[in-house]
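For reference, the structure is listed below as structure tokens.
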Amino acid sequence: MIARTLAAVLAATAIACSATAAQAAQYRIDGAHSFVQLKISHLGYSWMVGTFDRISGSLSFDPAAGPAGQKISVEIDTASVDTGHAERDKHLRSPDFLNVRKFPKATFVSTGYEGDAKGGTMKGNLTLMGVTKPIAIAVKKVGEGKDPWGGYRAGFEGTATLSRKAFGAGMNLGPASDTVYFFLSVEGIRN
């Protein structure tokens with residue numbers, strides 16, 4: 001009887017520990033499957049769309065811990081901006097806009113999360129062109145599960161809007177070109 005009880009307690013403990021481990025996890029951002037897309041009005045006449053396609057970082061996704069268990073730190077290579085037009089990309093990398101030689105990285109570090117495991121608002125500090133400001137990103141979990149190589153992945157998307165002027169990001173192209181709309185797609189591989 002004691003042996004059965006001890007076995008049952010050990011089995012229950014193992015199940016509880018494995019359930020906790022499955023939920024609480026640290027992930028590294030998979031740069032091959034993550035990007036930051038931007039959209040900005042060109043003088044109020046059309047849209048310019050581009051992508052920062054070299055990002056890295058880490059995230060914590062722990063639904064059991066509630067909002068305190070959700071964190072992210074992202075680094076963006078500003079020279080990776082790609083709008084599909086080589087001359088424009090060269091201009092965007094210049095001191096007229098992103099000044100990538102002086103500011104080769106943009107970073108976002110979360111400071112808090114409001115929401116649940118499906119989505120919410122991730123607050124944090126964005127540093128762009130040497131200026132750090134708090135921003136909020138509306139986030140949503142896309143999915144999670146095992147991958148074909150024996151790993152485990154989780155994917156998230158987010159949207160944010162910011163003012164270029166607030167970060168000193170480039171020459172003045174008029175009020176229609178101040179607002180930048182961002183779409184983020186992040187896939188993490190569990191450590």
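The values are calculated or read from the model by the stated rules, or taken from the named source; none is laboratory data. Note that this is a predicted model, so its numbers are computed, not measured. With ideal geometry, Cβ positions are generated from the backbone for all residues, glycine too; neighbour counts draw on all protein chains shown. Accessible surface areas use protein heavy atoms only, side chains included; no ligands, DNA or RNA. Shrake-Rupley method; radii C 1.70, N 1.55, O 1.52, S 1.80 Å.
Descriptive notes on the structure:
- Yes/no for Ala117 being modelled with pLDDT under 95, within 15 Å of Phe156 (Cβ to Cβ), in contact with a strand residue (DSSP E or B) (Cβ under 9 Å, 6 or more places away or on another chain) and among the small types (Gly, Ala, Ser): yes
- For region 125-176, the candidate set comprises residues that are modelled with pLDDT of 95 or more, basic (Lys, Arg) and within 19 Å of Leu38 (Cβ to Cβ); within that set, the residue that is farthest from the chain's Cα centre (by Cα) is Lys133.
- Candidates in region 99-128 are the residues that are part of a strand (DSSP E or B) and basic (Lys, Arg); of these, the one that is nearest to Lys165 (Cα to Cα) is Lys105.
- Checking every residue in region 110-125 against the condition of being open to solvent by less than 30 Å² (accessible area, probe 1.4 Å), under 24 Å from Asp30 (Cβ atoms), free of Cβ contacts under 8 Å to residues at least 60 places away in the same chain and touching a Leu at 6+ places or on another chain (Cβ under 8 Å) gives zero matches.
- Selection of region 59-98 for residues being closer than 23 Å to Arg164 by Cβ, surrounded by fewer than 18 Cβ atoms within 10 Å (Cβ to Cβ), under 20 Å from the mean Cα position of the chain (by Cα) and at pLDDT below 95 yields an empty set.
- In region 24-35, of all residues being without any contact (Cβ under 8 Å) to a residue 60 or more places away in the chain and farther than 19 Å from Thr159 by Cα, the one that is least open to solvent (accessible area, probe 1.4 Å) corresponds to Ala24.
- Residues in region 59-98 that are assigned to a loop (DSSP other than H, G, I, E, B) and of a type outside the set (A, V, I, L, M, F, W, C): 7 in all.
- Subset tally (residues that are in a strand (DSSP E or B), in contact (Cβ under 8 Å) with a residue 60 or more places away in the chain, open to solvent by 20 Å² or more (accessible area, probe 1.4 Å) and among the aliphatic types (A, V, I, L, M)) for region 134-185: 1
- If you go through region 119-152 and keep only what is among the charged types (D, E, K, R) and within 18 Å of Ile189 (Cα to Cα), you end up with Lys140, Lys141, Glu144, Lys146, Asp147.
- Members of region 36-51 that are closer than 18 Å to Glu157 by Cβ, open to solvent by less than 20 Å² (accessible area, probe 1.4 Å) and either free of Cβ contacts under 8 Å to residues at least 60 places away in the same chain or among the polar types (S, T, N, Q) (or both): Gly50
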